[in-house]
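Reading through the structure tokens given below for one structure.
The values are calculated or read from the model by the stated rules, or taken from the named source; none is laboratory data. Since the structure is predicted, the reported quantities are computational estimates derived from the model, not experimental observations. We place every Cβ from the backbone using ideal geometry, glycine too, and count neighbours over all the protein chains shown. Side chains included, ligands, DNA and RNA excluded: accessible areas come from the protein's heavy atoms. Shrake-Rupley method; radii C 1.70, N 1.55, O 1.52, S 1.80 Å.
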Amino acid sequence: MELCRLSTLYTVRKLNDNDIEALYNLCKENTIFYRYHPPIVTKESIFKDMKALPPNKSYDDKFFLGFFTNDRLIALMDVIRDYPYESVIFIGLFMIDATLQGKGVGTEIIRECCLYWKSLKYQKVRIGVDKYNPQSNAFWRKNKFMVTGEENSIYGNDVYLMERTL
């Protein structure tokens, strides 16, 4: 995956341990997300998310990405390729700087990423969405994601899977 092709508007790169402070600052302002997806974010939880892998996947398949403008982190996206099966991109987490929400930034990032993944012959993009979070549900529906009917519980939070066909 060529990260530079994920966005024409933002610089995209893999995030690492040196980015935890910036990640923490971005995440802690997203109070609506954590109201529906406890526990509240910590630097330790960010580190854990950066290292988390689903079964049978390797770090070659994981991309914990930052979207930057003028060296300012404005969005993060955790991506697993070919999960849960081949030709599927799974977004484990997507979060926009709270000051930029409602301004089309997230929608534009998702639009560009989906175009790029489609060019790589991926067929679907999936994400687990907190069942009771109206903000997340509205965002993903607006971005052409549909509920699959599959539900799960992650860390005690009810989520359902949504997907978009590319």
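Residues of segment 109-131 being surrounded by 14 or more Cβ atoms within 10 Å (Cβ to Cβ), of a type in the set (Ser, Thr, Tyr) and under 15 Å from Ser7 (Cβ atoms), which ones?
Hit for segment 109-131 is Tyr116, nothing else.
Could you check, for segment 110-119, whether at least one of its residues is assigned to a loop (DSSP other than H, G, I, E, B) and of a type in the set (Phe, Trp, Tyr)?
no
Which numbered condition trips up Met77, out of (1) in contact with a Leu (Cβ under 7 Å, 6 or more places away or on another chain); (2) in contact (Cβ under 8 Å) with a residue 40 or more places away in the chain?
(2)
Kindly provide the set of residues from segment 80-109 that are of a type in the set (Asp, Glu) and outside any loop (DSSP other than H, G, I, E, B), ordered by number.
The answer is Glu108, and nothing else.
Sort through Thr8, Thr69 and tell me the only one that's over 16 Å from the mean Cα position of the chain (by Cα), open to solvent by less than 90 Å² (accessible area, probe 1.4 Å) and at negative phi.
Thr69
Would you mind stating whether Gly106 is open to solvent by less than 40 Å² (accessible area, probe 1.4 Å) and either modelled with pLDDT of 95 or more or under 13 Å from the mean Cα position of the chain (by Cα) (or both)?
For Gly106, the condition - open to solvent by less than 40 Å² (accessible area, probe 1.4 Å) and either modelled with pLDDT of 95 or more or under 13 Å from the mean Cα position of the chain (by Cα) (or both) - is met.
I'm trying to understand the selection: among the residues of segment 15-66, which are open to solvent by 30 Å² or more (accessible area, probe 1.4 Å), touching a residue at least 40 places away in the same chain (Cβ under 8 Å) and under 13 Å from Leu93 (Cα atoms)?
If the condition is that a residue be open to solvent by 30 Å² or more (accessible area, probe 1.4 Å), touching a residue at least 40 places away in the same chain (Cβ under 8 Å) and under 13 Å from Leu93 (Cα atoms), then Phe33, His37, Asp49, Ala52 are the ones that fit.
Checking Met77 against (1) in a strand (DSSP E or B); (2) under 24 Å from Leu166 (Cβ atoms); (3) open to solvent by 20 Å² or more (accessible area, probe 1.4 Å), which single condition isn't satisfied?
(3)
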